[in-house]
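Trainee: Here's a structure for you.
The values are calculated or read from the model by the stated rules, or taken from the named source; none is laboratory data. Since this is a predicted model, take the numbers as computed values, not measurements. All Cβ positions, glycine included, derive from the backbone under ideal geometry; neighbour counts span all protein chains shown. Protein only, heavy atoms only, side chains kept; ligands, DNA and RNA dropped before computing areas. Shrake-Rupley method; radii C 1.70, N 1.55, O 1.52, S 1.80 Å.
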Amino acid sequence: MAELIVGIDLGTTNSEIAIVEGGQPRVLVEDGDPILPSVVGLAEDGRLLVGKAARNQWVLAPERTVKSIKRKMGQEVKVALGTDQFTPQEVSAMILRTLKARAERELGVPVVKAVITVPAYFNDSQRQATREAGALAGLEVVRILNEPTAAALTYNPDQSKAERILVYDLGGGTFDVSIVHTEGGVVEVLSSHGDTQLGGDDFDELLLTDVATDFETMYGVDLRANRVSRARLLRAVEDAKKRLSDHAITKVEEEFIAEKDGVPLHLNVEVERIEFEELIRPLIDRTMQCVQQALDDAKLTAAQIDRVVLVGGSTRTPLIGRLLEERLGQPAHREVNPDLCVALGAAIQGAIISGQNVGSVLVDITPHSLGIKCLEMTDDFGFRPNEFKFAPIIRRNSPLPASRSEVFATVSDNQPIVEVEVYQGESADVRRNHRVGRFNIEGLARVPAGNQLVVQLDLTLDGILKVSAREKATGLVKQITIENALARYAMAEREHAQSRLNRMWSDLETLSTPPPGDEPNLSEDGPDDFDHPLDEGGPETEHGVSSPVGVPQLDPGPREGQRETVQARALLEKADRVRGKAGAEDQVELDRLISRVRDAMTDRRWGDLQSACNDLSDVLFYLEDA
Ligand code: AMP
């Protein structure tokens with residue numbers, strides 16, 4: 001059996017430990033959590049705390065807690081922990097020991113040898129301090145590995161293909177961009193740039209200032225003045241920031257965060273991603289300048305980069321992916337969890353040193369983007385709006401499960417209804433993508449155009465897609481579930497190809513034009529004959545949503561059960577008709593849904609009937625369309 005060499009990412013904010021087992025790298029977890037916060041503390045009774053417990057007490061006892069020790073590695077300084085003073089190596093050793101113990105508990109064998117990663121810009125004394133920390137923790141450090149090299153290894157472990165990889169690494173407190181060349185077992189860092197004072201913590205500070213200023217305007221209390229209130233607020237805004245990576249809007253809530261004249265004050269504000277992006281844009285622009293610098297130093301153009309890899313928790317911020325893609329002309333890889341990427345790469349390096357064969361990291365990703373159809377606005381030059389615009393919500397190669405939301409806006413005044421059409425594919429024109437479902441949300445508030453709707457997609461590992469639309473102002477929600485969204489795409493693609501072939505064949509035979517309703521005309525200019533109201537416009541995440549008429553509605557009505565029953569009967573009739581024409585596989589699916597609808601109707605379970613009808617209606621729509 002090959003010798004065990006673990007890989008450790010000793011991060012500023014978080015640390016992880018990984019191994020390679022059976023050729024597969026994996027991160028070791030404790031209580032289901034792979035991440036150990038790089039925080040060390042002393043409890044009130046003098047007990048040593050490392051990780052989550054230490055991070056939790058930092059809010060209340062910052063004087064007994066040490067964060068971000070990595071920033072001090074290599075310096076001749078000491079940090080206070082309670083009444084004692086410690087070197088940065090000693091504090092780092094406490095983190096490393098905790099990781100070592102975690103691995104020994106899970107693997108049941110002693111862990112001695114390790115590869116530990118450091119930023120590419122670390123100088124000799126910082127690297128030496130890292131080695132010393134390892135030794136203090138009882139580890140033999142067989143290699144100090146550059147973090148970007150580790151990240152590159154997770155995406156190209158056997159290095160069979162020569163690649164130039166740009167690694168964009170934005171963590172909690174530091175930013176690095178490196179260009180790495182991998183070929184035939186040699187990994188070379190061509191250039192490396194960064195900013196040791198820039199990271200997700202700065203995003204938190206900006207959001208904190210924004211929220212605290214609003215709070216002060218409202219209540220006349222500055223939350224930043226009280227240490228505990230400030231720490232609580234910081235944690236709340238960090239959580240909100242993370243949610244904004246997946247959702248377009250979120251709330252920052254903290255009960256009893258302050259007091260005024262003996263009256264408790266609660267914090268409850270809404271933040272939108274779009275506002276947050278405006279706040280952090282200057283910081284991200286700074287990182288983009290570093291990217292350019294790294295390219296210049298490596299004497300490469302953007303087009304010469306084979307792969308862009310995202311590392312570090314903060315790269316989940318969608319604005320980063322968007323701006324990088326704009327600048328480098330290719331989407332960035334985020335398949336491997338950006339928090340775990342470096343530890344996995346360190347484990348791969350360890351396995352290579354011990355002579356093991358290593359395969360690439362296995363991840364479940366969505367192979368196609370999912371999003372909805374919307375209306376793209378006319379521009380200043382007076383071009384017509386595009387009513388077939390595809391607005392991706394979950395992007396291709398997102399790890400599963402994925403949950404994302406975006407905000408859209410109505411296009412006309414007093415618009416009572418909006419159609420949500422869900423598509424899968426990569427084209428900016430929905431007619432080139434595949435429709436996987438649709439539904440209407442109706443009964444919207446009678447307000448001017450610009451009424452905001454939050455559309456959320458939740459895709460599970462099993463390919464079950466939940467789509468919901470919520471009117472932001474009133475909370476009105478409509479949702480559908482599309483079973484087997486991923487598999488169905490493959491089937492639909494096949495059928496689509498088949499029907500196109502058939503049509504081309506018959507065109508050849510009859511030399512006639514295809515019947516109406518068939519393959520859409522995909523001319524560059526789009527169709528000429530539409531007449532849609534215009535969206536008031538708005539920044540990137542706001543899109544217009546068209547409002548069709550005459551689509552069956554499944555909203556719960558005021559008279560209990562009556563409306564559902566009428567609609568269910570109509571759907572069952574339709575299902576009968578469609579079933580006759582469906583293939584065997586679809587018939588099985590239809591039968592299952594028909595029984596669900598019948599059972600719910602018989603048992604008068606109106607809620608279940610509603611959701612069964614939604615599912616059946618979605619499948620019928622798809623089958624009719626196929
Ligand atoms: P790292 O130093 O790589 O562990 O990254 C930690 C940083 O990533 C912290 O600033 C976190 O707040 C940030 N982070 C973690 N998850 C997310 C997320 N979903 N969206 C944005 N930032 C995140």
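Trainee: So, of the residues in segment 80-106 that are aliphatic (A, V, I, L, M) and modelled with pLDDT under 95, which turns out to be most open to solvent (accessible area, probe 1.4 Å)?
Mentor: Ala80
Trainee: Also, quick follow-up: Cβ contacts < 7 Å: first residue closer than 16 Å to Glu573 by Cβ and assigned to a loop (DSSP other than H, G, I, E, B), restricted to segment 583-608; second residue at pLDDT below 80 and open to solvent by less than 80 Å² (accessible area, probe 1.4 Å), any location; separation 6+ or different chain. Result?
Mentor: No pair meets every condition.
Trainee: Of everything in segment 221-243 that's open to solvent by less than 60 Å² (accessible area, probe 1.4 Å), under 11 Å from Val211 (Cα atoms) and assigned to a loop (DSSP other than H, G, I, E, B), which residue is nearest to the ligand (Cβ to nearest atom)?
Mentor: For segment 221-243, the residue satisfying everything is Leu223.
Trainee: Consider only pairs whose beta carbons are under 9 Å apart and that are at least six residues apart or on different chains; among these, list those whose first residue lies in segment 295-317 and is without any contact (Cβ under 8 Å) to a residue 40 or more places away in the chain and whose second residue is of a type outside the set (D, E, K, R) and buried (at least 24 other Cβ atoms within 10 Å of the Cβ).
Mentor: Between residues of segment 295-317 that are without any contact (Cβ under 8 Å) to a residue 40 or more places away in the chain and residues that are of a type outside the set (D, E, K, R) and buried (at least 24 other Cβ atoms within 10 Å of the Cβ), the close pairs are Ala302/Leu166.
Trainee: Also, quick follow-up: In segment 564-599, what residues are within 20 Å of Ser468 (Cβ to Cβ) and modelled with pLDDT under 85?
Mentor: Scanning segment 564-599 gives Glu564, Gln567.
Trainee: Scan segment 320-335 residue by residue and report those that are within 17 Å of Ser369 (Cα to Cα) and within 13 Å of the ligand (Cβ to nearest atom).
Mentor: Result: Gly321, Arg334.
Trainee: Which pairs do you get when a residue that is surrounded by 18 or more Cβ atoms within 10 Å (Cβ to Cβ), found in segment 34-62, comes within reach of a residue that is in a strand (DSSP E or B) and of a type in the set (Ser, Thr, Tyr), reach meaning Cβ atoms under 7 angstrom, with the pair 6+ apart or on two chains?
Mentor: Leu36/Ser15; Ser38/Ser15; Val39/Thr65; Gly41/Thr65; Ala54/Thr65; Gln57/Thr65; Trp58/Thr65
Trainee: May I pose another question? For segment 205-215, name all the residues that are open to solvent by less than 10 Å² (accessible area, probe 1.4 Å) and more than 16 Å from the ligand (Cβ to nearest atom).
Mentor: Listed by number, the residues that qualify are Ala212, Phe215.
Trainee: For segment 290-302, indicate whether the set of residues that are open to solvent by less than 10 Å² (accessible area, probe 1.4 Å) and either touching a Leu at 6+ places or on another chain (Cβ under 6 Å) or more than 30 Å from Ala343 (Cβ to Cβ) (or both) is non-empty.
Mentor: Taking every residue of segment 290-302 in turn, none turns out to be open to solvent by less than 10 Å² (accessible area, probe 1.4 Å) and either touching a Leu at 6+ places or on another chain (Cβ under 6 Å) or more than 30 Å from Ala343 (Cβ to Cβ) (or both).
Trainee: Mind checking which residues of segment 402-428 are out of contact with any Asp or Glu (no Cβ under 7 Å at 6 or more places or on another chain), open to solvent by 30 Å² or more (accessible area, probe 1.4 Å) and under 23 Å from His368 (Cβ atoms)?
Mentor: Matches in segment 402-428: Glu426, Ala428.
Trainee: Another one. If I ask for residues that are open to solvent by 60 Å² or more (accessible area, probe 1.4 Å) and over 18 Å from Gly199 (Cβ atoms), which ones from segment 303-321 would you list?
Mentor: Ala303, Gln304, Asp306, listed by residue number.
Trainee: Right, something else. Considering only residues that are touching a residue at least 12 places away in the same chain (Cβ under 8 Å) and either away from the ligand (no atom under 14 Å from the Cβ) or among the charged types (D, E, K, R) (or both), which ones fall in segment 187-204?
Mentor: The first filter runs over segment 187-204 and keeps only residues touching a residue at least 12 places away in the same chain (Cβ under 8 Å), leaving 187, 189-204.
Val187, Val189, Leu190, Ser191, Ser192, His193, Asp195, Asp201, Asp202, Asp204, listed by residue number.
Trainee: Still on this model: In segment 323-338, which residues are touching a residue at least 60 places away in the same chain (Cβ under 8 Å) and open to solvent by 30 Å² or more (accessible area, probe 1.4 Å)?
Mentor: Within segment 323-338, Pro331, His333, Arg334, Asn337 qualify.
Trainee: For Gly312, indicate whether it is within 24 Å of the chain's Cα centre (by Cα), at positive phi and not aliphatic (A, V, I, L, M).
Mentor: yes
Trainee: Right, another one. Identify all residues within segment 183-196 that are at pLDDT 85 or above and open to solvent by less than 50 Å² (accessible area, probe 1.4 Å); write none if there are none.
Mentor: Val189, Ser191, Ser192, Gly194, Asp195
Trainee: Ok, one more. For segment 62-75, indicate whether the set of residues that are of a type in the set (Gly, Ala, Ser) and out of contact with any strand residue (DSSP E or B) (no Cβ under 8 Å at 6 or more places or on another chain) is non-empty.
Mentor: Among the residues of segment 62-75, at least one is of a type in the set (Gly, Ala, Ser) and out of contact with any strand residue (DSSP E or B) (no Cβ under 8 Å at 6 or more places or on another chain), which makes the answer yes.
Trainee: Hey, another quick one. I'd like to verify a number: residues in segment 1-28 that are surrounded by fewer than 23 Cβ atoms within 10 Å (Cβ to Cβ) and acidic (Asp, Glu), how many?
Mentor: Qualifying residue count, segment 1-28: 2.
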